[in-house]
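Here is the structure we will look at, set down as structure tokens.
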Amino acid sequence: MKSHFEPKLAFTLKEAAKIIFGSDSRSEYQKVLRLVKNKVIESITFPGNGGRVYVPRKALLQLMGDEENFDSLIEKITK
């Protein structure tokens, strides 16, 4: 079964919180939001999308280290 994380190039803040901290609770979401607002993590917004903020895969890869760590982390989260 394929994960809904796999083909994505950009993740919502809630998904980014789950990837970075292992949980998508409100406090973890707020931490990611603060990191984005302080420009620690790169983010993107698409016009006409209600101002939603997304974290690109590239930014999460830089934060998590290499691609192997990132892929294994996504596997752990989705199981």
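The values are calculated or read from the model by the stated rules, or taken from the named source; none is laboratory data. What you see is a predicted model, and the numbers here were worked out from it, not measured in a lab. Surface areas here come from the heavy atoms of the whole protein model, side chains and all, with no ligands, DNA or RNA. Shrake-Rupley method; radii C 1.70, N 1.55, O 1.52, S 1.80 Å.
Residues whose amide H comes within less than 5 Å of that of Ala10, counting only those at least five positions distant or on another chain, are Arg57 (H built at 1.01 Å from N in the peptide plane).
When Leu60, Leu9 are compared by accessible area of protein heavy atoms, the largest-first order is Leu9, Leu60, using a 1.4 Å probe.
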